[in-house]
Amino acid sequence: MSKDHRRHPFRDSQQDRKDAQAVPDTPQTRAPSYRLAFADDDFLCRDELRPVRLQLELLKPELEMNEAGVDSTIVLFGGARIPEPAKKDTARTQTLADLSKYYEEARKFAYLMTERSMKTGGRENVIVTGGGPGVMEAGNRGAMEAGGRSIGLNIVLPHEQAPNEFVTPELCYNFHYFAIRKMHFLMRAAAITVFPGGFGTLDETFEALTLIQTGRMEQVPFLLFGRDFWEKIINWDALSDAGTISAEDLSLFRFVETAEEAIAALDDWQTKGQKRGSIPGR
C-alpha cells in the first residue's frame, strides 16, 4: 500500500518494520518476544490467530481489487486436468481427451467476454478463474489474448504448481482457506460459468447454487457447459422428483455447449430481467 493510502499522521508501520531489522544485536532483541507482532510469522501462524488470518485473506484481495478498479467479474470454474486440444493425446483417459474441446470453448468465451469488458473500460466483467491449469488456464489465456486482464485465485496444495502464465500478475492471489477463496469468487460475480471438472468444480458449483437457491446471494446467470457431462454425473431431475429440491430450482442454471451459445444465454438472461444490468456490450 502506497503512502497515498494513509489516512493518519502516525508513524508508518512499514518504516518501523524496516527500522526494527537494524536494532543492535543483543539477547533481548534476538528473543522472539521482541519481534513486532505484525512482522512475526511464527506468531501469525499460531492456532489462536486463525481469525486474524481469515480476515487478512478476506481483506488483501478485496482491497487490491478495489484499487485495481475491478467492479464485477465473470466466474469461470472448471477442471484442472482437461487438456488443450493440441495435447489431448497425453490425457490420462479418453473422456478427458474428448473433454478437451471445452478448453477451447473456455478460451474463446473468455476472449469474447474480455473484448466486451474492454469496451466499457475493463472494470466490469473481468474473467476470474482458480489460476491453475486446464480450463482455468484457458480462461486466463483467452482474456490475455483479447488484450485484457484476468484474475487468478490460487490455493496452496501439496502438489500444486505455480499459477498459469496467463493470469495478470498483479491480480494473482494465493490462499490458505478454501472458504475465503470461494467468497472472493462470488463477491463480484455478475455471472457464473462452469465447465466439466472434478471434486473442486463440483464443490464450487453447489456452494454457488446453494447460496442462490437460499437467497443468500442474488440470482446471476449460471451456465453449465456440456449437458452430456453434467447429466451423466448428476441426476438433476431425480432431485426434483424426490422433492429434495423444487422443480423451480432447475431454472437456476442453463446448459450451453459453445462460447457463442453462452454469450447468447447471458444476453437472453439479461433481456428477461433475471439479473440487474451488468453484462455489457450487447
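Nothing in this text is a laboratory measurement; each read-out follows from the coordinates by a stated rule. This one's a predicted model, so the numbers in the text were calculated from it and none came from an experiment. Reconstructed Cβ throughout: ideal geometry from the backbone, glycine too, with neighbour counts over all protein chains shown.
A few comments on the model shown:
- Residues in the stretch 95-102 carry Karplus couplings, in order, of 4, 4, 4, 5, 6, 4, 4, 6 Hz; the curve used is 6.51 cos²θ - 1.76 cosθ + 1.60 with θ = phi - 60°, and Gly or Pro positions show x.
- Virtual spin-label span in nm between Lys119 and Thr90, 7 Å along Cα→Cβ: 3.7
- With a cut-off of 13 Å on the backbone N, the residues of the stretch 99-128 near the modelled label site 7 Å out from Glu257 along Cα-Cβ are 102.
- The residues Asp47, Asp42, when put in order of fewest to most other Cβ atoms within 10 Å, stand as Asp47, Asp42.
- The chymotrypsin sites (Phe, Trp or Tyr not before Pro) of the stretch 187-238 include none that meets both conditions, a loop assignment by DSSP and at most 14 other Cβ atoms within 10 Å of the site Cβ.
- Label-to-label distance, Trp230 versus Glu218, with points set 7 angstrom from Cα along the beta-carbon direction: 2.2 nm.
- Under Karplus coefficients 6.51, -1.76 and 1.60, residue-wise ³J(HN,Hα) of the stretch 65-74 in Hz, glycine/proline x: 5, 4, 5, 7, x, 8, 8, 8, 9, 10
- In the stretch 183-248, trypsin sites (Lys or Arg not before Pro) in a DSSP loop with at most 12 other beta-carbon atoms within 10 Å: Arg216
- When each of Val194, Val135, Val126, Val156 is scored by the number of other beta-carbon atoms lying within 10 Å, the sequence from fewest to most is Val156, Val194, Val126, Val135.
- If both residues of a DSSP beta bridge must be in the chain, then about 0% of such bridges are antiparallel.
- Evaluated at q = 0.07, 0.09, 0.10, 0.15 Å⁻¹, the base-10 log of the normalised Debye intensity for the chain, with identical point scatterers placed on the Cα atoms, takes the values -0.32, -0.50, -0.60, -1.14.
- Put in line by how crowded their Cβ is, counting other Cβ atoms within 10 Å and starting with the fewest, Thr214, Thr73 read Thr214, Thr73.
- Taking amide H as placed 1.01 Å from N in the peptide plane, Val256 has its amide H under 5 Å from the amide H of Leu224, Phe225, Gly226, Arg227, each at least 5 places away in sequence or on another chain.
- Derived scalar couplings ³J(HN,Hα) [the stretch 192-204; Karplus, 6.51 cos²θ - 1.76 cosθ + 1.60; whole Hz; x for Gly, Pro]: 10, 10, 10, 9, x, x, x, 4, x, 5, 5, 4, 5
- Spin-label proximity, Ala179 to the stretch 209-231 - amide N less than 18 Å from point 7 Å beyond Cα toward beta carbon: 209-212, 216-217
- The chain, helix-only ellipticity at 222 nm - DSSP H runs n ≥ 4, -39,500 (n - 2.57), divided by all residues, nearest 500: -13000 deg cm²/dmol
- C-alpha long axis of helix 259-271 to longest principal axis of the chain, angle in °: 90
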